[in-house]
1. Amide H of Val51 versus every other amide H placed in the peptide plane: which residues, excluding those fewer than 5 positions away on the same chain, fall under 5 Å?
2. I want to check the label-to-label distance for Leu58 and Thr80. Put each point 7 Å from Cα in the C-beta direction and report it in nm to one decimal.
3. Can you give the calculated 222 nm mean residue ellipticity of the chain, where each DSSP H run of n ≥ 4 adds -39,500 (n - 2.57) and the sum is split over every residue, rounded to the nearest 500 deg cm²/dmol?
4. Can you tell me the dipole magnitude for the chain around its Cα centre, using point charges on the Cβ only (Lys, Arg +1; Asp, Glu -1), in Debye to the nearest 20?
5. Any chance you could run the full-extension gain for Arg17 through Gln47? It's 0.36 nm times the residue separation minus the Cα-Cα distance, nm to one decimal.
6. Hey, got the Cα dimensions of the chain along the principal axes, in Å, largest first?
7. Using a Förster distance of 25 Å, how high is the FRET efficiency between Arg67 and Leu36, based on the Cβ-Cβ distance and rounded to 0.05?
8. Count the net charge of all other residues whose Cβ sits under 13 Å from the Cβ of Trp15, scoring Lys and Arg as +1 and Asp and Glu as -1.
Amino acid sequence: MQIAVAYAGLAKKYWLRLDVPEPCTVAEGIERSGILGLCPDIRLETQKVGVFGKAVKLDAGLRPGDRIEIYRPIICDPATVPRKNAGEDEDDE
């Protein structure tokens, strides 16, 4: 079956399509994709993964066409980052 593995690293984005045997888990799909060799910064022990935006465990089964996503950890507190509103200038009063 065909699946994809997506990861947005700090310097480069990866979208890898591959064929895997059925049945296949998320962990097996990631391993077979070769992404761990391309991105040694990935730590599956601590990073979350998902399929089509929904968080899943590494032992979750895959279906044909699934896209595995490897998420980077959040490095700042969203509550402390100032928001910029689209179309507003800071100098306008």
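1. Val56, Glu69
2. Placing both labels 7 Å along Cα→Cβ, they lie 3.0 nm apart.
3. For the chain, the value works out to -3000 deg cm²/dmol.
4. Dipole about the Cα centre, nearest 20: 620 debye.
5. In short, 8.7 nm is gained.
6. The Cα atoms of the chain stretch 61, 24, 22 Å along their principal axes.
7. Working from the Cβ atoms, E equals 0.90.
8. +3
Where a number appears in this text, it was derived from the coordinates with a stated rule and is not lab data. Remember, predicted model here, so these are calculated numbers, not experimental data. In this analysis, Cβ positions are derived from the backbone assuming ideal geometry, glycine residues included, and neighbour counts consider all displayed protein chains.
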